[in-house]
């Protein structure tokens, strides 16, 4: 029988972004499972945790979204340092830089030093997206189309769960098949890496484009946390300072029906 509460794995630091609470595409249950299974001394929320854009249009806030907020607040009460760096979808929080809410600090950016002495600029990344900065109407239009794709993704994965299959993102797969999207991702990575170089740090940790990565860009470490609407990913720092990409949608236990009756469930990685 699979345990209801997984054993908690502890890291030095966790980096999470682009949860988009308040949207139907948010994989809140997946994130709750991740937060139950992982803990850290420091947790960075790297923007777009709450989707203020969508909530202004239509209020959508199911219990699971509230549970995510409560889980983060509980971690803060239990000693985790939590730093919230707002993005473009939760830009309403940018007026509260320096404030604390339930033990969660709101900051514009951060410089994180790993256990092995490397320094990383932590930033959401939307300021380097020309569409968001100079053509917000186009960004809103793209957001609507994206939300539609995520709705299809939700129905697809509901079917996959019934079949005992693991999470798979249709929208993420489609994005990587579109040439313009691939070119945008590459350009974004180059610009953010250049920004890290300007700050004279060893790398940058960001979000925004929903494409998780850990890679070297011209001698600078480019790290993207991914998201919790498509790929369900996070970045973790081990106690030796090494960074790893956790793909929770692929690695979490998946309940599959046994072929024999009354034999319970078993976990498949």
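The values are calculated or read from the model by the stated rules, or taken from the named source; none is laboratory data. Because the structure is predicted, anything quoted here is derived from the model rather than measured. Note: ideal-geometry Cβ built from the backbone for every residue, glycine included; neighbour counts use all protein chains shown.
Which one of these is assigned to a strand (DSSP E or B) and either under 20 Å from residue 81 (Cβ atoms) or in contact with a strand residue (DSSP E or B) (Cβ under 6 Å, 6 or more places away or on another chain) (or both): 31, 35, 14? Exactly one of 31, 35, 14 is assigned to a strand (DSSP E or B) and either under 20 Å from residue 81 (Cβ atoms) or in contact with a strand residue (DSSP E or B) (Cβ under 6 Å, 6 or more places away or on another chain) (or both), namely 14. Would it be correct to say that residue 255 is under 17 Å from the mean Cα position of the chain (by Cα) and at pLDDT below 95? No: the conditions fail for residue 255.
The residue that is modelled with the lowest pLDDT, among those in the stretch 172-186 that are assigned to a helix (DSSP H, G or I) and exposed (fewer than 14 other Cβ atoms within 10 Å of the Cβ), is 179.
Screening 44, 60 for residues that are more than 26 Å from residue 243 (Cβ to Cβ) and not in a helix (DSSP H, G or I) leaves exactly one candidate, 60.
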